[in-house]
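Remarks on the structure that follows.
The values are calculated or read from the model by the stated rules, or taken from the named source; none is laboratory data. This is a predicted model, so every value here is computed, not measured. In this analysis, Cβ positions are derived from the backbone assuming ideal geometry, glycine residues included, and neighbour counts consider all displayed protein chains. What goes into the accessible areas is simple: the full protein's heavy atoms, side chains included, and nothing from ligands, DNA or RNA. Shrake-Rupley method; radii C 1.70, N 1.55, O 1.52, S 1.80 Å.
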Amino acid sequence: MLTLQKFISQYDVPGAVVLLEGKRKVLDEDKEGLYALGKLLASKTTHMIFRSGNAPGSDALFSEGVVSVAPKRLQVITPYRNHREKTNLAYDSISLDDIDLVEEDEIIYQSKSNKKTSHLIDKYADGERNRFTSKAAYIIRDTVKALGTANIPPATFGIFYDDLKNPISGGTGHTITICIRNKIPVADQTIWFGWLEE
């Protein structure tokens, strides 16, 4: 079992990027724990950058915890400029609009592994913008969060709040799958809830 101490000693190194994100729907009894984990990790580490997708729910709760201690260590990757701008707490905010996807073959290739949006990925990458291709933007954003780009470092670890009754589904499931496929270690609340007790 990965303890908090082990996690910190192994991953709190210069250049570390930790995904801190998950489902939009958070059980009421879990909300405090998400905020607490963001705060705990930010207060007990020095080097980690915490990366989020700026979504409501898990992303917001984790992010609020991080910025309560270390606002300069929160980074978000957004599907488009001005995405949820009023609630974006990040010191460093990067939009897909700022990424030249034509140069990011691997991002496009791995984003297509999401069967629900695979037919829309190329259209989006080719510059087609409409209400259908906007769904592709979210999946591409989720892939970028994990793998990075030519100018964005990849994640070194992924911490997620998942739906344990329907695990590894939706956008969160896509991000977890991309992490696992690319050997980026992951932990969900079955592991990190224990960290709050240590």
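Restricting to region 108-150, and then to whatever is more than 21 Å from the chain's Cα centre (by Cα) and touching a residue at least 12 places away in the same chain (Cβ under 8 Å), can you tell me which residue is surrounded by the most Cβ atoms within 10 Å (Cβ to Cβ)?
Going through the qualifying residues, I end up with Leu120.
Please go through region 151-178 and pick out each residue that is of a type in the set (Val, Ile, Thr), buried (at least 22 other Cβ atoms within 10 Å of the Cβ) and in contact (Cβ under 8 Å) with a residue 60 or more places away in the chain.
Once the filter is applied, which keeps residues that are of a type in the set (Val, Ile, Thr), buried (at least 22 other Cβ atoms within 10 Å of the Cβ) and in contact (Cβ under 8 Å) with a residue 60 or more places away in the chain, region 151-178 yields Ile159, Thr172, Thr175, Ile178.
Could you tell me which of the residues Asp59, Asp30, Asp100, Asp105 is more than 26 Å from Arg181 (Cβ to Cβ) and of a type in the set (D, E, K, R)?
The conditions single out Asp30.
Being part of a helix (DSSP H, G or I) and within 20 Å of Val17 (Cβ to Cβ) is the filter here; which residues of region 147-172 pass it?
Result: Leu147, Gly171, Thr172.
Which residue pairs have Cβ atoms closer than 9 Å, lie 6 or more positions apart in sequence or on different chains, and pair a first residue in region 79-97 that is small (Gly, Ala, Ser) with a second residue that is open to solvent by 80 Å² or more (accessible area, probe 1.4 Å) and in a helix (DSSP H, G or I)?
Final answer for the pair search is Ser93/Glu85.
Against the conditions (1) surrounded by 15 or more Cβ atoms within 10 Å (Cβ to Cβ); (2) in contact (Cβ under 8 Å) with a residue 40 or more places away in the chain; (3) outside any helix (DSSP H, G or I), where does Met1 fall short? Just the number, please.
(1)
List the strands (runs of 3 or more DSSP E) that sit entirely inside region 30-129 and contain at least 1 residues that are among the hydrophobic types (A, V, I, L, M, F, W, C) and modelled with pLDDT of 95 or more.
49-52, 74-78
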